[in-house]
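The values are calculated or read from the model by the stated rules, or taken from the named source; none is laboratory data. Small disclaimer: the values here were computed from a predicted structure and weren't measured. Here the Cβ is made from the backbone with ideal geometry for all residues, glycine too, and neighbour counts use every protein chain on show.
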Amino acid sequence: MYLTEEHTLIRTTVRDFAQSEIKPLAKELDEKEEFSIELTKKMGKIGLMGMTVSEEYGGQGADYLSYIIAVEELARVDGSQAATVAAHNSLGVGPIYYFGNEEQKKKYLPKLCTGTALWAFGLTESEAGSDSQATKTTAELKDSNWVVNGSKIFITNGSSEITAGATVKAVTGKKGDKKEYSTIIVESGTPGFRAKTMHGKMMWRASNTSELYFDNCAVPEKNLLGSRGDGAKIMLNTLDSGRLAIGAMGLGLAQGAFEAALKYSKERKQFGQMISRFQVIAFKLADMATKIEAARNLLYKACWLRDNTLPFGKEAAMAKLYCSEVAKEVADEAVQIHGGYGLMKDFDVERFYRDQRLLQIGEGTSEIQRLVIARHIGC
């Protein structure tokens, strides 16, 4: 219903790349908690770092479903590389492409689309997670400069060696009793801006996660992204699209875990036969396959709506919620089917099980998604 020959070609291309380039390194990078610049640049070379950006600015000009399929195929092999691509496209490149002026687009997008530079989105703070209105980072206009003060946490792609900067949500004033939020472009290397890599993660251990600190960090007034006061609107639009990418990560992870469990069930013998022959295992696998297919159709429908400029906020929340929870259920059953081996790092399902956990938290918790959906249906 939704897929064209181009979509199929993208799936094949990214699947082959993930199998040949990422899979051989995934286990080692995860264990070392090592971000790979080399892999990031290779993903850029095959066009994964500016997929929905028009060719005018160095992108691929692909529709959103194409991008989502690419993220799905990466996550089928490794959540860390999928996270790098998803965060860069949805949160890094997206706001500049959709809300930036011509000068900003021409300055930043061409390089960001090559994969030789990454960009971050500074939203989450230590006391502003689900409650994004609790943002404390400020940006004050002084002498034609925005002076930024505050900090951000859990920011993907924020402190790698090739990170070029971040778009930062900040309080820029008040309108009556309400805070005014704006988004400010802050380039890496700006005095007063410091990025620190976070270590010790449970999941996505080969992705770059950061804390960002701003101490009287002055950037030119022209670094305002969009109009003053547009910060909340830019954030919400960015998150709606980003939720589709999180859904794709859940879908791809579930597919990878399912395939690993199916393969293992045909190799493992107990009581004289393959465990896939036992109804209790066969039914687990049947349920896993059914949930994955349902998740795929829900996610692809949401992408179709977006690509056809139709409202998709409700469907994005549904897809993010359902795909992330299917990933959790499928990963858990995959470990169960593997038995004790599923708890060992030598088996991919151990990493899938860890990687899925963030999906019910990042870019809006499952609880927030249910709240969003409830509001859409009139509750």
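Residues are listed down the side, and each one gets a yes or a no for (1) surrounded by fewer than 17 Cβ atoms within 10 Å (Cβ to Cβ); (2) out of contact with any Lys or Arg (no Cβ under 9 Å at 6 or more places or on another chain); (3) at pLDDT 95 or above:
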| position | (1), (2), (3) |
| --- | --- |
| Ala294 | yes, yes, yes |
| Thr309 | yes, yes, yes |
| Ala319 | no, no, yes |
| Glu350 | no, yes, yes |
| Leu359 | no, no, yes |
Q) Out of curiosity, is Gly100 farther than 22 Å from Ser36 by Cα and under 18 Å from the mean Cα position of the chain (by Cα)? A) no
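This table checks each residue for (1) in contact (Cβ under 8 Å) with a residue 60 or more places away in the chain; (2) in contact with a strand residue (DSSP E or B) (Cβ under 6 Å, 6 or more places away or on another chain).
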site: Ile162; (1), (2): yes, yes
site: Lys175; (1), (2): no, no
site: Pro191; (1), (2): no, no
site: Lys196; (1), (2): no, yes
site: Met203; (1), (2): yes, no
site: Ser210; (1), (2): yes, yes
site: Phe214; (1), (2): yes, yes
site: Cys217; (1), (2): yes, yes
**Q.** Tally of residues being outside any loop (DSSP other than H, G, I, E, B), within 22 Å of the chain's Cα centre (by Cα) and surrounded by fewer than 16 Cβ atoms within 10 Å (Cβ to Cβ) across region 112-148
**A.** 1
Q: Hey, can you tell me all the residues within region 145-155 that are of a type outside the set (Phe, Trp, Tyr) and farther than 15 Å from Val186 by Cα?
A: Ile153
(Q) Here is a check on your reading of the model: is Met288 out of contact with any strand residue (DSSP E or B) (no Cβ under 7 Å at 6 or more places or on another chain), without any contact (Cβ under 8 Å) to a residue 60 or more places away in the chain and under 22 Å from Asn89 (Cα atoms)? (A) no
**Q.** Residue list for region 150-173, restricted to those being in a strand (DSSP E or B), over 19 Å from the mean Cα position of the chain (by Cα) and surrounded by fewer than 24 Cβ atoms within 10 Å (Cβ to Cβ)
**A.** Gly150, Ser151, Val171, Thr172, Gly173
Q.
Are there helices (runs of 4 or more DSSP H) fully within region 1-76 with at least 1 residues that are among the polar types (S, T, N, Q) and more than 24 Å from Arg243 (Cβ to Cβ)? List them.
A. 5-17
